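Enquirer: Input: one structure, supplied below.
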Amino acid sequence: PQTDPRAGAAVKAADRAHVFHSWSAQDLIDPLAVAGAEGSYFWDYEGKRYLDLTSGLVYTNIGYQHPKVVAAIQEQAARLTTFAPAFAVESRSEAARLIAERTPGDLDKIFFTNGGADAVEHAIRMARLHTGRPKVLSAYRSYHGGTQQAVNLTGDPRRWPSDSGSAGVVRFWAPYLYRSRFYAETEEQECARALEHLETTIAFEGPATIAAIILETVPGTAGIMVPPPGYLAGVREICDKYGIVFVLDEVMAGFGRTGEWFAADLFGVVPDLMTFAKGVNSGYVPLGGVAISGAIAETFGKRAYPGGLTYSGHPLACAAAVATINVMAEEGVVENARNLGASVVEPGLRELAERHPSVGEVRGVGMFWALELVKNRETREPLVPYNASGEANAPMAAFAAAAKQAGVWPFVNMNRTHFVPPLNTGEAELKEGLAALDAALTAADAHTEG
Ligand code: PLP
């Protein structure tokens with residue numbers, strides 16, 4: 001990386017003057033000016049380089065600036081940058097084919113959106129129209145997007161300022177053994193009791209009023225709680241029993257993150273609708289979508305689907321998806337996530353947990369890992385309170401600062417750090433990331449009662 005602090009200062013000044021940032025108090029943020037990125041690394045204008053343990057917002061699954069995908073975007077831009085959604089266009093047709101080939105079961109029709117939130121909006125609209133029912137069940141400890149319906153489905157504090165009672169959303173608790181809502185001590189108990197809780201919730205809400213249940217296959221931002229064996233199959237059964245549409249949100253978990261093309265494949269379940277975005281083209285150009293089952297597609301066979309968007313299946317975004325999926329297949333990116341996740345990341349994180357009293361639990365799969373940081377391993381009191389900010393969040397801020405100091409960019413959410421690098425990160429780089437976490441966890445240990 002070259003050093004050019006003056007250029008960095010100009011970028012920063014224009015940002016601070018005019019860019020309004022997501023989820024932030026505008027006067028309290030200090031965004032790093034980024035000069036460039038390649039593979040699993042990015043760097044600033046001072047020449048400091050970071051290993052990106054976040055994959056951006058968990059989306060650059062093939063890393064930054066993959067030359068084949070960049071070339072495909074350039075070629076598509078030169079040939080046909082854009083075209084309206086009502087036409088058949090090569091890159092759109094091919095992206096849909098490649099996605100449908102990989103989605104589970106009969107999820108063979110693809111409705112393209114610009115990202116994850118609008119994919120969720122459309123999945124819910126399809127479910128309501130397909131069933132003629134109003135309500136949707138979603139989980140606490142979930143994230144489904146920033147638009148009005150999607151944020152109302154979200155089970156985290158980002159929902160609160162936009163909460164509207166009319167959204168027809170009912171929330172339930174999904175399995176999370178480490179902080180069980182069901183007084184469970186084993187995965188089997190957690191699974192059985194979470195399913196019983198869901199079915200009771202349905203009984204009291206009125207099964208015939210519920211259009212859909214939406215779940216992240218593996219909840220991402222909320223903490224990477226891999227569901228116990230049997231849970232998702234149990235939800236599938238409950239949906240079938242009551243005629244409820246089962247929506248799996250694979251915006252974060254999909255496209256290789258868990259070491260399978262889709263996380264649903266880990267559990268052998270087939271939802272009725274599946275949302276995707278992020279990894280579909282590593283976010284090189286905004287793209288998301290809904291994969292639709294045969295039965296729901298049929299609902300809109302002779303009856304118009306009342307929804308659409310100008311950029312549905314944008315040719316440039318679809319060309320990036322075609323190139324990304326082909327690169328992932330040719331370069332064994334999904335296998336890399338599965339293999340190095342099991343042989344390097346998991347043992348590395350477990351070894352860190354043995355030495356650092358701040359680590360309460362290590363959990364995950366593939367390249368999708370969370371460390372839950374605690375003050376006290378016995379009581380499991382979180383290192384910072386739920387939704388803490390300012391001074392109350394100081395221990396996590398100290399952890400993040402130490403990680404950056406050590407040369408990695410960490411994913412931090414509440415009392416957790418997630419280890420979610422690009423899926424094609426190599427063994428040596430992963431070990432470098434683990435070593436940096438070692439140093440950062442020492443900073444977190446200082447805030448424990450141990
Ligand atoms: N669903 C899940 C599971 C997500 O993780 C996200 C984003 O992080 C979304 C939906 C929203 O996607 P987007 O930010 O592209 O609208």
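Enquirer: Which whole-Hz ³J(HN,Hα) couplings does segment 378-393 yield from phi under the Karplus relation 6.51 cos²θ - 1.76 cosθ + 1.60, θ = phi - 60°, glycine and proline marked x?
Expert: Once θ is set to phi - 60°, the couplings for segment 378-393 become 6, 7, 6, 4, x, 4, 9, x, 3, 6, 6, 9, x, 4, 5, 9 Hz.
Enquirer: Also, quick follow-up: Reported to two decimal places, what Rg/Rh ratio describes segment 67-330 when computed on Cα atoms with Rh from the Kirkwood expression?
Expert: Rounded to two decimals, Rg over Rh is 0.97.
Enquirer: Right, here's the next one. If we count trypsin sites (Lys or Arg not before Pro) as exposed when they sit in a DSSP loop and have at most 11 other beta carbons within 10 Å, what is the longest stretch of the chain that avoids them all? Write out the running numbers ahead of the final one.
Expert: Values: sites that count: 302, 303.
Between the exposed loop sites, the longest stretch runs 1-301.
Enquirer: Next question, about the same structure. Would you mind checking which residues have amide H under 5 Å from residue 359's amide H? H placed 1.01 Å from N; only 5 or more apart, or other chain.
Expert: 374
Enquirer: When the Karplus curve 6.51 cos²θ - 1.76 cosθ + 1.60 is applied with θ = phi - 60°, which whole-Hz ³J(HN,Hα) does each residue of segment 394-403 get, with x for Gly and Pro?
Expert: Values, residue by residue: 3, x, 6, 5, 5, 4, 5, 4, 5, 5 Hz.
Enquirer: Which aspartates and glutamates have a Cα less than 19 Å from the Cα of residue 109, not counting those fewer than 8 places away in the same chain?
Expert: Of all the aspartates and glutamates, those that pass the test against residue 109 - Cα under 19 Å, at least 8 places apart if same chain - are 90, 94, 101, 118, 121, 249, 250, 265, 272, 298.
Enquirer: Do any GluC sites (Glu not before Pro) in segment 124-194 lie in a DSSP loop with no more than 12 other beta carbon atoms within 10 Å, and if so, which? Present the calculation step by step, with values, prior to reporting the outcome.
Expert: Working: sites: 185, 187, 188, 190; in loops: 185.
When the GluC sites (Glu not before Pro) of segment 124-194 are filtered for loop state and at most 12 Cβ neighbours within 10 Å, 185 remain.
Enquirer: List the residues, sorted by chain then number, that are 5 or more residues from residue 413 or on another chain and whose placed amide H is less than 5 Å from its amide H.
Expert: Long-range HN contacts for residue 413: 418.
Enquirer: As a test of the definition: which semi-axes, in Å, follow for segment 273-344 when you take the square root of five times each eigenvalue of its alpha carbon gyration tensor? Largest first, please. Working shown, then result.
Expert: Details: eigenvalues 178, 54, 19 Å².
Semi-axes (√(5λ), whole Å): 30, 16, 10.
Enquirer: Quick one: what are the phi-derived ³J(HN,Hα) couplings along segment 127-136, Karplus 6.51/-1.76/1.60 with θ = phi - 60°, whole Hz, x for glycine and proline?
Expert: 5, 5, 6, 5, 9, x, 10, x, 8, 10
Enquirer: What base-10 log of the normalised intensity I(q)/I(0) is obtained for segment 306-382 from the Debye formula, alpha carbons as equal point scatterers, at q = 0.13, 0.16, 0.17, 0.22 Å⁻¹?
Expert: Results for segment 306-382 at q = 0.13, 0.16, 0.17, 0.22 Å⁻¹ read -0.63, -0.72, -0.75, -0.94.
Enquirer: Going through segment 342-393, which GluC sites (Glu not before Pro) have at most 10 other Cβ atoms within 10 Å and a DSSP loop state?
Expert: Working: sites: 351, 354, 361, 372, 378, 391; in loops: 378.
For GluC sites (Glu not before Pro) across segment 342-393 that sit outside H, G, I, E and B with at most 10 neighbouring Cβ atoms in 10 Å, the list reads 378.
Enquirer: Now for a different question. Return the long-range amide H neighbours of residue 216 (sequence gap of 5 or more, or a different chain), with a cut-off of under 5 Å between placed amide H atoms.
Expert: 249
Enquirer: Any idea what Rg and Dmax come out to for segment 28-173 if you just take the C-alpha atoms, in Å?
Expert: When restricted to the Cα atoms of segment 28-173, Rg and Dmax are 19.6, 57 Å.
Enquirer: Give the order of 89, 34, 120, 245 when sorted by the count of other beta carbons within 10 angstrom, beginning with the fewest. Write out the running numbers ahead of the final one.
Expert: Values: 89 18, 34 13, 120 31, 245 25.
Lowest count first: 34, 89, 245, 120.
Enquirer: How many percent of the alpha carbon pairs in segment 1-74 exceed a separation of 18 Å?
Expert: For segment 1-74, the fraction of Cα-Cα distances above 18 Å is 52 percent.
Enquirer: Looking at the chain from every direction and averaging, what is the projected area of its Cα convex hull in nm²?
Expert: Working: hull surface 85.7 nm².
For the Cα atoms of the chain, the hull's average projected area reads 21.4 nm².
All of the numbers you see were taken from the coordinates with simple rules; none came from a lab. Quantities reported herein were computed from a predicted structural model and do not represent experimental measurements. With ideal geometry, Cβ positions are generated from the backbone for all residues, glycine too; neighbour counts draw on all protein chains shown.
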